[in-house]
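Asks: Sending over a structure as structure tokens; questions will come in a sec.
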Amino acid sequence: MSANSQTLFVQHFGKDSNRTLDYFLKNMNGYEQAKKTLTNLTPDQVIEEVKKANIRGRGGAGFPMGMKWSFIPKNSEKPKYLVCNADESEPGTCKDRQIMRYTPHVLIEGLIIGSYAIGCHHAYVYIRGEYVREAELLNAAIDEAYANGYLGKNIMGSTYTLDITVHRGAGAYICGEETGLLNSLEGKRGEPRVKPPFPAISGAFACPTAVNNVESIANVPHIMRMGGEEFAKLGKIDKSGGTRLISLSGHVSTPGVYEMQAGSMTLRQIIDEFGGGILNGKKLKAVIPGGSSSPVLTADEIDVVYDVEPLMKIGTMMGSAAIMVINEDTDMVKLLLRISKFYAHESCGQCTPCREGCHWMESILHKIIHGEAKSTDIDLLVDVAGNIGGKTLCALGDAAAMPVQSFVKKFRPEFEAYLKGQKRHG
Amino acid sequence: MAKCTIDGKEVEFTPGENLIKVAKRAGVDIPVFCYHPGLTVVAQCRMCYVEVEKMPKLQTACSTNAAEGMVVKTTSEAVKKGREGTMEFLLLNHPLDCPICDKAGECDLQDNSFGSGSAYMRHSEERRTYVDVDMGDVIQKNMNRCIHCTRCIRFGDEIAGIHEMVAIKRGNNIDITTIDGKQLQTEYAGNYSDICPTGSLTLKDFRFKKRAWMLKKTDTVCEGCSKGCNMEIQHEGNAIYRCVPRENLEINKYWMCDEGRFNYHYTQDPARILNPVQKVGAAWSKITWDQGLSALKSETNAVNTLFLLGTDLTLEEMSAIRETVTRNHKNAKLLSFGTHGVETSAQDKSQDQILKMKSKTSNLMGAEKLGIEALQGKAKADVVVVFRGGRAQLPAIESKKTIGVGVFLEKEVTSFDVILPGLAFTEKDGTVINHQGKEQRLKRAVLPREKCKAIPEVLMLLLNQKTREVLA
């Protein structure tokens with residue numbers, strides 16, 4: 001960790017006893033901000049504060065959170081919903097799990113403040129099916145909050161009422177896409193909806209809805225405590241306030257969930273300082289910087305400030321801040337096949353390019369690895385990816401196409417080695 | 001009015017209209033699969049890509065509404081590449097069994113492949129195949145041909161009001177099927193075949209009978225009930241092979257029920273009486289038109305005659321009959337019949353809140369407008385003459401003599417004495433008035449068979465013995 005760097009979450013991670021209401025009240029100024037908000041602030045003031053905080057959504061798209069909330073129509077007579085996206089399913093990402101495991105109450109407090117801000121009286125947490133334990137812990141914390149008057153009717157003596165329901169998914173990656181999530185929440189088939197209308201206008205149960213990531217919502221109490229401007233200053237780069245939780249995995253010495261002030265470190269620093277360098281002193285080959293869908297970087301591209309815009313400038317993305325480090329021993333073609341297999345498996349199947357194309361890419365890669373491919377198949381692979389990327393109903397198509405395009409572009413000789421028979425699966 | 005530009009042409013639009021509709025007005029056809037004007041927009045097939053100025057990605061025209069000043073290109077290189085990509089994806093697993101597919105010739109997949117696809121195939125993997133479920137009497141399923149446009153699912157949910165078609169599994173393994181593999185329940189199942197853009201859902205009734213391009217098409221109106229759904233009769237060699245709905249946004253939109261769709265079969269039933277006949281003992285014996293009409297003439301001179309007129313007849317037929325009866329049979333009564341229990345238009349309500357009406361004839365409203373009273377209960381007279389288009393439900397008749405003029409099947413007229421064969425709705429022109437009071441035209445699709453004659457012709461011959469003798 002860099003000297004003097006400030007963190008909001010990680011110091012509370014790792015100890016089972018930290019998840020109690022008691023710990024939250026004593027060590028994290030528990031529910032003070034919710035109380036202050038409900039008694040002293042108007043919803044507009046909350047949204048204003050969040051806007052000032054410059055917080056980008058932590059789910060992957062990086063959309064400014066305050067802006068998202070301000071899209072919820074104020075005069076609509078329909079009920080409004082705040083839905084917390086806890087479907088954390090982008091391969092490599094495991095930061096929301098830590099929040100729900102060790103600081104569930106900060107998420108609940110964030111939900112109270114956020115719900116109040118957009119005028120919601122029933123918030124949902126859509127949690128991925130595989131997070132069985134986390135769903136239990138979250139429900140236990142919610143029960144605790146109800147029992148102590150932090151949820152339910154007239155929260156902390158105010159006139160505000162809020163219920164929270166935890167809804168467990170059934171194990172589909174696509175339900176992390178916000179409209180796929182909303183369909184699933186409504187009991188429908190988990191497949192994305194055509195946009196517009198956006199959820200802010202017609203979301204859950206056709207009512208105005210804000211869908212926010214766990215980390216985003218858990219930051220809200222911190223924003224209210226510090227004030228939007230101070231929170232924004234935690235970020236060391238424009239348009240990106242607060243801290244970022246990073247899921248660091250792959251061939252590093254000390255993988256794990258780390259936290260840094262936004263834009264305060266380069267990818268290399270993260271790997272060296274948080275990760276303790278490459279495992280067993282091996283050489284670095286590549287880094288997938290933002291979850292398995294983000295375009296891969298080569299070893300000499302990692303002196304880049306780890307935040308949304310610097311990464312975008314070099315043609316990749318921060319996504320859910322899940323960094324996967326790849327050492328010199330890794331077969332990039334096999335790794336890509338594994339990634340492609342994942343997206344082919346998780347395609348919901350409703351739109352043509354993703355349904356047909358993801359499976360086709362997987363087949364082509366399979367042929368390449370098994371020595372059954374033609375010399376033109378690498379170009380075919382890239383062309384197929386081009387027919388998927390940017391052409392699908394939701395972002396899953398892009399997520400499947402970007403790794404293919406970037407792997408071939410940056411590691412083409414490895415693909416050619418298979419074609420030339422220099423390498424063979426076995 | 002707001003304007004946008006499509007392929008260099010300025011077009012006016014109403015806010016809320018999507019680019020497919022607006023482009024159509026500019027004479028630009030955008031290829032589609034999942035889009036259907038009568039169903040919700042899902043933008044799933046990714047065929048209708050267009051390029052919109054100032055938007056980085058290709059947009060789907062179905063889900064993009066026209067906006068003031070919008071500049072749209074539908075033939076740019078990017079659009080062509082996008083559509084070609086989609087066509088390639090759709091054909092990866094399609095069997096291309098067009099020579100044995102009933103949809104061939106009227107298949108969106110064929111047409112769009114021809115218009116937007118590549119002539120070459122880059123795919124060499126094994127194709128995906130499915131085991132099909134039995135979908136019941138109306139629809140034959142062939143999932144291998146399916147392109148997952150989900151029109152059928154949406155039709156069930158949104159139009160037929162039944163959630164029976166679903167997508168199961170996901171990704172490359174997605175299957176469009178019925179819930180738990182059950183047979184289709186809706187009485188509108190034929191529409192599944194109409195809207196299917198490939199040969200995945202075909203009509204069992206039509207399968208393997210005729211290639212689509214050999215069929216001639218005649219626009220007419222369904223006679224199945226008082227809704228008056230607009231329909232097209234498809235025929236060849238004086239035989240009807242299929243009826244399909246025709247768009248009329250004020251009446252049936254794009255749909256029709258199975259009852260109406262398959263109703264035409266009775267007109268080609270081997271038991272339909274196609275020659276003048278009279279009862280000898282228990283059997284029918286052929287007679288000449290002269291004999292038949294002479295019998296009709298002499299019998300109706302009796303004192304107590306009741307003329308019954310089916311509400312399945314056209315306005316023209318009804319008024320010709322009325323004219324003849326009032327002029328030549330001053331003491332006779334003239335009453336209408338059509339559907340038991342639905343004698344008047346006031347009793348005619350929607351049967352299922354979709355299309356079907358309670359009156360099972362097409363022209364109840366017409367009979368009322370002509371002031372023809374409805375028969376209540378049993379038809380009782382010395383002589384009863386029944387004029388019928390073929391669909392009106394025959395009432396109970398108590399008479400010494402019964403004569404039928406029009407379309408009858410043998411089993412329907414066991415108590416009749418003479419039948420003079422007429423024309424079915426598929427064989428004649430005429431006007432009917434639907435339950436809303438809309439006048440619509442029937443059009444002759446096929447020629448009269450054997451010795452069948454139109455009612456005006458019958459009436460004319462009835463009055464003109466000389467001609468009758470010559471013609472006979």
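Asks: Consider B:Ile6 against the criteria (1) under 37 Å from the mean Cα position of the chain (by Cα); (2) within 14 Å of another protein chain (Cβ to nearest Cβ): it satisfies all of them except one. Which criterion is unmet?
Replies: (2)
Asks: Would you check which residues across region B:183-202 are surrounded by fewer than 23 Cβ atoms within 10 Å (Cβ to Cβ) and in a strand (DSSP E or B) and list them?
Replies: Across region B:183-202, the qualifying residue is only B:Thr202.
Asks: Every residue in region A:156-185 that is part of a loop (DSSP other than H, G, I, E, B) and more than 14 Å from chain B (Cβ to nearest Cβ), please.
Replies: A:Ser158, A:Thr159, A:Tyr160, A:Thr161
Asks: Of the residues in region B:375-396, how many are open to solvent by less than 40 Å² (accessible area, probe 1.4 Å) and over 31 Å from the mean Cα position of the chain (by Cα)?
Replies: Matching residues across region B:375-396 total 4.
Asks: OK, next. Restricting the search to region B:135-152, which residues are buried (at least 23 other Cβ atoms within 10 Å of the Cβ), more than 13 Å from chain A (Cβ to nearest Cβ) and either under 10 Å from B:Ile176 (Cα atoms) or over 21 Å from the mean Cα position of the chain (by Cα) (or both)?
Replies: B:Lys141, B:Arg145, B:Cys152
Asks: Out of region B:397-417, which residues are open to solvent by 10 Å² or more (accessible area, probe 1.4 Å), not small (Gly, Ala, Ser) and not in a helix (DSSP H, G or I)?
Replies: Kept after step one, since they are open to solvent by 10 Å² or more (accessible area, probe 1.4 Å), are these residues of region B:397-417: B:397-401, B:409-412, B:414-415, B:417.
Those still in the list that are not small (Gly, Ala, Ser) too: B:397-398, B:400-401, B:409-412, B:414, B:417.
Across region B:397-417, the qualifying residues are B:Ile397, B:Glu398, B:Lys400, B:Lys401, B:Leu409, B:Thr414, B:Asp417.
Asks: Still on this structure, please answer the following. Would you mention how many residues in region B:357-389 are under 26 Å from B:Thr267 (Cβ atoms), assigned to a loop (DSSP other than H, G, I, E, B) and in contact with a Lys or Arg (Cβ under 7 Å, 6 or more places away or on another chain)?
Replies: Qualifying residue count for the region: 5.
Asks: I'm told B:Ile162 meets every condition in (1) in contact (Cβ under 8 Å) with a residue 60 or more places away in the chain; (2) in a loop (DSSP other than H, G, I, E, B); (3) open to solvent by 20 Å² or more (accessible area, probe 1.4 Å) except one. Can you identify the failing condition by its number?
Replies: (1)
Asks: Just the residues that are without any contact (Cβ under 8 Å) to a residue 24 or more places away in the chain and either among the β-branched types (Val, Ile, Thr) or open to solvent by 60 Å² or more (accessible area, probe 1.4 Å) (or both), please, taken from region B:267-286.
Replies: Of region B:267-286, the ones without any contact (Cβ under 8 Å) to a residue 24 or more places away in the chain are B:270, B:280-283, B:285-286.
Of everything in region B:267-286, those that are without any contact (Cβ under 8 Å) to a residue 24 or more places away in the chain and either among the β-branched types (Val, Ile, Thr) or open to solvent by 60 Å² or more (accessible area, probe 1.4 Å) (or both) turn out to be B:Pro270, B:Val280, B:Gly281, B:Ala282, B:Lys286.
Asks: Being closer than 30 Å to A:Gly276 by Cβ, surrounded by fewer than 23 Cβ atoms within 10 Å (Cβ to Cβ) and β-branched (Val, Ile, Thr) is the filter here, so list the residues in region A:194-242 that pass it.
Replies: Across region A:194-242, the qualifying residue is only A:Ile237.
Asks: Mind listing whichever residues of region B:322-357 are without any contact (Cβ under 8 Å) to a residue 40 or more places away in the chain, over 18 Å from B:Gly228 (Cα atoms) and of a type in the set (A, V, I, L, M, F, W, C)?
Replies: B:Val325, B:Ala332, B:Leu334
Asks: Within region A:355-379, can you find the residues that are under 32 Å from the mean Cα position of the chain (by Cα), more than 7 Å from chain B (Cβ to nearest Cβ) and open to solvent by 10 Å² or more (accessible area, probe 1.4 Å)?
Replies: A:Glu362, A:His366, A:Asp379 - these are the residues of region A:355-379 that are under 32 Å from the mean Cα position of the chain (by Cα), more than 7 Å from chain B (Cβ to nearest Cβ) and open to solvent by 10 Å² or more (accessible area, probe 1.4 Å).
Asks: Got a number for residues in region B:37-77 being open to solvent by 20 Å² or more (accessible area, probe 1.4 Å), away from every other protein chain (no Cβ under 12 Å) and either within 36 Å of the chain's Cα centre (by Cα) or over 18 Å from B:Gly8 (Cα atoms) (or both)?
Replies: 3
Asks: Hey, does region A:353-368 have a residue that's touching a Lys or Arg at 6+ places or on another chain (Cβ under 6 Å), free of Cβ contacts under 8 Å to residues at least 60 places away in the same chain and not hydroxyl-bearing (Ser, Thr, Tyr)?
Replies: Yes.
Asks: Report, by residue number, each residue of region A:380-395 that is within 11 Å of chain B (Cβ to nearest Cβ), open to solvent by 10 Å² or more (accessible area, probe 1.4 Å) and of a type in the set (A, V, I, L, M, F, W, C).
Replies: Within region A:380-395, A:Leu380, A:Leu393, A:Cys394 meet the criteria.
Asks: Restricting the first residue to region A:4-29 and requiring it to be part of a helix (DSSP H, G or I), which pairs with a second residue that is at pLDDT 95 or above and among the acidic types (Asp, Glu) meet a Cβ separation below 7 Å and a spacing of at least six or different chains?
Replies: Cβ pairs passing all conditions: A:Val10/A:Glu259; A:Leu21/A:Glu144.
Asks: When you check B:Lys80 against the structure, is it open to solvent by 60 Å² or more (accessible area, probe 1.4 Å) and closer than 26 Å to A:Val382 by Cβ, yes or no? Talk me through it step by step, then tell me what you get.
Replies: Details: open to solvent by 60 Å² or more (accessible area, probe 1.4 Å): yes; closer than 26 Å to A:Val382 by Cβ: yes.
Answer is yes for this residue.
Asks: Within the bounds of region B:91-104, is there any residue that is out of contact with any Lys or Arg (no Cβ under 6 Å at 6 or more places or on another chain), at the interface with chain A (Cβ under 8 Å from one of its Cβ atoms) and either open to solvent by 20 Å² or more (accessible area, probe 1.4 Å) or not basic (Lys, Arg) (or both)?
Replies: yes
Asks: Consider B:Met365 carefully, then state whether it is open to solvent by 60 Å² or more (accessible area, probe 1.4 Å), in the same structural domain as B:Ile287 (by TED's automatic domain parsing), among the aliphatic types (A, V, I, L, M) and within 22 Å of B:Leu315 (Cβ to Cβ).
Replies: Here the answer is no, as B:Met365 does not meet what is asked.
Asks: Right, here's the next one. Is region A:14-25 home to any residue that is within 21 Å of A:Gly227 (Cβ to Cβ) and surrounded by fewer than 20 Cβ atoms within 10 Å (Cβ to Cβ)?
Replies: There is no residue in region A:14-25 that is within 21 Å of A:Gly227 (Cβ to Cβ) and surrounded by fewer than 20 Cβ atoms within 10 Å (Cβ to Cβ).
The values are calculated or read from the model by the stated rules, or taken from the named source; none is laboratory data. These numbers come from a predicted model, not from an experiment. Glycine also receives a Cβ, built like all others from the backbone with ideal geometry; neighbour counts cover every protein chain displayed. SASA here: full protein model, heavy atoms, side chains in, ligands and nucleic acids out. Shrake-Rupley method; radii C 1.70, N 1.55, O 1.52, S 1.80 Å.
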